[in-house]
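Structure record follows, encoded as structure tokens.
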Amino acid sequence: MENFEFYNPTKILFGKGMIAKLDEQIAQDARILILYGGSSAEKSGTLAEVRQALGERTFFEFGGIEANPAYETLMKAVDVARKEKVDFLLAVGGGSVMDGTKFVAAAVPFQGDAWEILTSQGAAVKQALPLATVVTLPATGSEMNNISVISRKETGDKLAFNSEHVFPVFSVLDPTRTFSLPMRQVVNGVADSFVHVMEAYLTYPQDAMVQDRYSEGLLLSLLEIGQRITTASTEDYDLRANLMWVATQALNGLIGAGVKQDWATHMIGHELTAKYGIDHARTLAVVFPALLKEKRAAKSAKLLQYAERVLGLRDGTEDERIDAAIRQIESFFEGLEIPVRLSAYDIGKDGIAPIISQLEEHGMVKIGEGQDITLDVSRSILERAL
Ligand code: NZQ
Ligand code: ZN
């Protein structure tokens, strides 16, 4: 195991009715900006519950943060926050709203061009406004991490930053707030969380017993949730509660501590979203199985461990078990009605070159746990995904 520092200051308030706790968590004299997405938070009643919990406090609202939040939109929120002198940000939404709020938190006190927050991958961030979240879509883990992914419409970039200063102070996770989600977003959340665990886990043996077993527990939970979620009632509280908690833990830093991680699927996936507008989770379902086929030799020991400990596969040759593990991952996504081929999005061979150029432009020329996924290897992965 490698040396590591683990720091995660986010307080979690989990369960039915927990939005009311905002009243205990935020200072009476705070000047708050509530940030949200399109119409879902209003329609589902989540915003009304938030306003009620804030009571007499001074708050302002900024709506319209889109999926794959845009820098251009967020800079308008920065203007509002500066003009109204807000001192606390409250995100009400999914990953896009939470990530957007982290960017606004860092941008408000930022001197100079705020895009540098992204181009420096967060290194330029020296302070941020405090922020908290009310989660409506379990998927990204943004509610308990310091990562934010922001798109810029003008240039077609989709870049990530992270900074110790943008961990949410607290996050409210009320599973009933997910009941209004369209099934497409629910299954996206299952797939995204699954790949978050895999990015940390499915590398090579690193003698990290706790991280491995913890990851396998999360994967087993996600497989079970995935099997049940599309046919279960949309108001199955316990199932939604389990999805919410697993999604948070899939990317809160714990399973990735002390191990080399992959993240190439995400880096390639982000470029697919930037170029073709495919939902984040859906890009991962296309790239991840193809990446496993491409990196089969380097990942064979972990694929066999996954096959045995998570899928219970012990019979057959090593090659047969690895084949079965990769097939199982594809059918897991397909069972969620998420395609695993680029052709499902009408992307053919000529659609690959722009993705490779974008990876190059963003410096993604040696990615993966072995830093050996060069542009040629990324091209080959995408060809396998056609
Ligand atoms: O805009 P509204 O009307 O609110 O609708 C949203 C949006 O259209 C809807 N929605 C959210 N909660 C709902 C709801 N609809 C009904 N009922 C509810 N309770 O869902 C749609 C998608 O929302 P979005 O926030 O975009 O989805 P998600 O949570 O999957 O976030 C995706 C973004 O997170 C980034 C992605 O790149 C993408 O930009 N990621 C962030 C990460 C992080 N911070 O750690 C890691 C991830 O790997 C990922 O890259
Ligand atoms: Zn993701």
| message | When only alpha-carbon atoms are used, what values of Rg and Dmax, in angstrom, describe segment 206-249? | response | 12.3, 40
| For segment 2-68, what is the per residue volume of the convex hull drawn over the alpha-carbon atoms, in cubic angstrom? | 149 Å³
| request: Report the percentage of all Cα-Cα pairs in segment 72-183 whose separation exceeds 23 Å, rounded to a whole percent. | output: 25 percent
| query | Under the Kirkwood approximation applied to all pairs of distinct alpha-carbon atoms, what is the hydrodynamic radius of segment 183-384 in Å? | reply | 17.2 Å
| Taking all pairs of different Cα atoms in segment 119-169, averaging 1/r and flipping that mean, what Kirkwood radius in angstroms comes out? | 12.1 Å
| said: With a cap of 14 neighbouring Cβ atoms within 10 Å, and only residues DSSP puts in a loop, list the GluC sites (Glu not before Pro) found in segment 125-166. | reply: Glu154
| Considering every pair of different Cα atoms, what Kirkwood radius, in Å, is found for the chain? | 21.2 Å
| remark: In debye to the nearest 20, the charge dipole size for segment 183-384, taken about the Cα centre with +1 at each Lys and Arg Cβ and -1 at each Asp and Glu Cβ, equals 80 debye
| field | Counted charge near Ala247, where neighbours are those whose Cβ lies closer than 9 Å (Asp, Glu -1; Lys, Arg +1) | value | -2
| request: Pairs to check: Lys299/Lys349; Lys260/Lys366; Lys85/Lys158. Give those whose C-alpha atoms are more than 24 Å from each other in this structure. | output: Lys299/Lys349; Lys85/Lys158
| task | Would you mind calculating the relative contact order of segment 198-291 from Cα pairs under 8 angstrom and at least 6 residues apart, reporting the percent as a whole number? | result | 37 percent
| query | Taking a quarter of the surface of the convex hull around the Cα atoms of segment 109-233, what do you get in nm²? | reply | 10.2 nm²
| message | So if each residue of separation counts as 0.36 nm, and I subtract the Cα-Cα distance between Phe179 and Arg228, what length gain in nm does that give? | response | 16.1 nm
| message | Give me the percent relative contact order of the chain, please, defined on Cα pairs under 8 angstrom at least 6 residues apart. | response | 15 percent
| field | Signed unit charges on C-beta, dipole axis of the chain, positive-most listed residue Ala307, Gly112, Gly63 | value | Gly63
| field | Karplus 3J(HN,Hα) series, Hz, for segment 158-173 with 6.51 cos²θ - 1.76 cosθ + 1.60 (x for Gly, Pro) | value | 9, 10, 10, 9, 9, 7, 4, 7, 10, 4, x, 5, 8, 9, 9, 10
| said: Taking the square root of 5 times each eigenvalue of the Cα gyration tensor, what semi-axes in Å does the equivalent ellipsoid of segment 227-296 have, largest first? | reply: 26, 18, 12
| query | With the contact rule set at Cα under 8 Å and sequence spacing of 6 or more, what percent relative contact order holds for segment 183-384? | reply | 27 percent
| query | Suppose R0 equals 56 Å; then what is the FRET efficiency for Arg51 and Lys349 from their Cβ-Cβ distance, rounded to the nearest 0.05? | reply | 0.65
| Descending principal axes extents, segment 266-364, alpha-carbon based, whole Å | 43, 29, 20
| query | What is the spread of the Cα atoms of segment 13-138 along each of their three principal axes, largest first, in whole Å? | reply | 40, 30, 24
| request: Among the chymotrypsin sites (Phe, Trp or Tyr not before Pro) in segment 4-57, which ones are in a DSSP loop with at most 14 other Cβ atoms within 10 Å of the Cβ? Mind listing them? | output: Phe4, Phe6, Tyr7
| query | Is it possible to state the helix-based mean residue ellipticity at 222 nm for the chain, with each DSSP H run of 4+ residues giving -39500 (n - 2.57), the sum divided by total residues, to the nearest 500 deg cm²/dmol? What is it? | reply | -14000 deg cm²/dmol
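Coordinate-derived values only; no laboratory data. Worth saying up front: this structure is predicted, and the values here are computed from it rather than measured. Note that we place each Cβ from the backbone using ideal geometry, even for glycine, and neighbour counts take in every protein chain shown.
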